[in-house]
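Coordinate-derived values only; no laboratory data. All values reported here derive from a predicted model rather than from experimental measurement. We place every Cβ from the backbone using ideal geometry, glycine too, and count neighbours over all the protein chains shown.
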Amino acid sequence: MAKPCIKVASMDVSCDTHAWKVKEKHGEEYGFEQRFGVQFDEIEKQEADVVNLQEIRFPENLEIIKERKGEKYNVHHFYNNKDGMSFHSLICVRKDIHCEWKDISSKHYWTTIDKNTRKPMLSSDPNARVEKNESENIKGDPHGRCVGVVVLEHKKTSKKLLIASVHVVPFGQTKAAQQMASLSLANMACDITGEDCPVILAGDFNIFNDEREDGTFQLINKYAKSLSLREIPLKKMTIPDMDDVIDPEQIGTFNPWSTDTNAEMVYKQPLGYSKLDAIFASTSLECKDGVTVYPVLMRKGKGASMDLNDPSKMSDEDKKTHTKLRYMFKDKLASDHFLLTAKFTFKIESAIEKK
């Protein structure tokens, strides 16, 4: 019997303040319904079994997505809080006969810190938060960040798998706590499913380059390793009508809107500095090809040169203030975050492991 495999896609669809401002700057074409229509078409091309979507804001935008995805997917909805400005996440499980998996339940958790052990954890309490703690340099998050989880079962083998959608805050030790709390899901797999099943966490982890270099995120990777998890490397970035990008320094998952307050600083950096989005998975899952990244273009012309800013037209000033890919992508994409996909296969257990 063939080993169970699953293809996962993840995308932050961009519904923050900067996205509203880019619509004001460029017009209705950059409204959410128009942008998500383009995102939806690109996601469908990937034929993923599961699609994680983050950063959805406002009931009308949530309904736009549910309406588009509901025909082909079972859609699981998760929210940070019940305020009208809350971010929402979705996990969409393909329901056609070609999908090897079926969703059997879902869990809704919130990131927090255990008050006794001071270890990051997940809680089923909707009021759970990473609270302010000055002695630990934690500014806190009064709004809360959730982790949505869906339990999958393989139709032929009955093997279980947990899929989680993650979206943490973008700042400091509060972010680090939420990242670690999200990864702690691996410790909960047996309690949730009754067996020691693998875990895939995909979403907007807001991992900045300086954190990868200064050791902050290395501590989180060490924690992930202790849970038998690892971050799946970005191996390829695919741009229509262009050669695939395989240089790690040039593969990123985020290019800010020009309306972003940090855009001026970020545009000067190599795209590879912005690996904000990530996929973590249990070491019991193989992912031979790594993660493929897709910047989703707003317009579809006869070639990429018609859809992107032409780098041959960069002025001397542009060359001082933008790297080449940043310039090409500037305000030409359907989201400031890129689409990520990865395919996983269950490893074959050795005789020793089975004992």
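Taking label points 7 Å from Cα along the Cα-to-Cβ direction, LYS115 and MET265 give a separation of 3.6 nm. Under the combined filter of DSSP loop state and at most 13 neighbouring Cβ atoms within 10 Å, segment 20-106 retains these trypsin sites (Lys or Arg not before Pro): LYS82. Since only LEU183, GLN46, PRO256 are under comparison, the one whose Cα sits farthest along the positive direction of the charge dipole of the chain, derived from C-beta charges on Lys, Arg, Asp and Glu, is LEU183.
Note on the chain: GNM, Cα springs under 10 Å; of ALA342, ALA176, ALA189, the largest mean-square fluctuation is that of ALA189.
Dipole of the chain computed with +1 at Lys/Arg Cβ and -1 at Asp/Glu Cβ about the Cα centre; of ILE97, VAL168, PRO142, farthest Cα towards the positive end is ILE97. Could you pull out the pairs from LYS23/LYS72; LYS288/LYS343; LYS119/LYS175 whose alpha carbons sit more than 19 Å apart here? Checking Cα-Cα distances, LYS23/LYS72 exceed 19 Å. Can you tell me how much longer the chain between GLU71 and ASP310 gets when fully stretched, taken as 0.36 nm per residue apart minus their C-alpha distance, in nm with one decimal? Separation in residues times 0.36 nm, less the Cα-Cα distance, equals 82.3 nm.
Each Lys and Arg Cβ is given +1 and each Asp and Glu Cβ -1; about its Cα centre, segment 5-344 then shows a dipole of about 540 debye.
Across segment 161-319, Cα pairs under 8 Å and at least six residues apart give a relative contact order of 24 percent. Sparse packing (at most 15 other Cβ atoms within 10 Å of the Cβ) combined with a DSSP loop state is found for the following chymotrypsin sites (Phe, Trp or Tyr not before Pro) in segment 147-244: PHE171. Label positions at SER106 and ASP196, each projected 7 Å from the Cα along the C-beta direction, are separated by 3.0 nm. Applying a DSSP loop filter and a limit of 14 other Cβ atoms within 10 Å to the GluC sites (Glu not before Pro) in segment 166-233 leaves GLU195. Taking only the C-alpha atoms of segment 26-174, Rg followed by Dmax gives 17.4, 54 Å. Stokes-Einstein at 10 °C, 1.306 mPa s, Kirkwood radius from Cα pairs: D for the chain in µm² s⁻¹? Estimated diffusion coefficient is 76 µm²/s.
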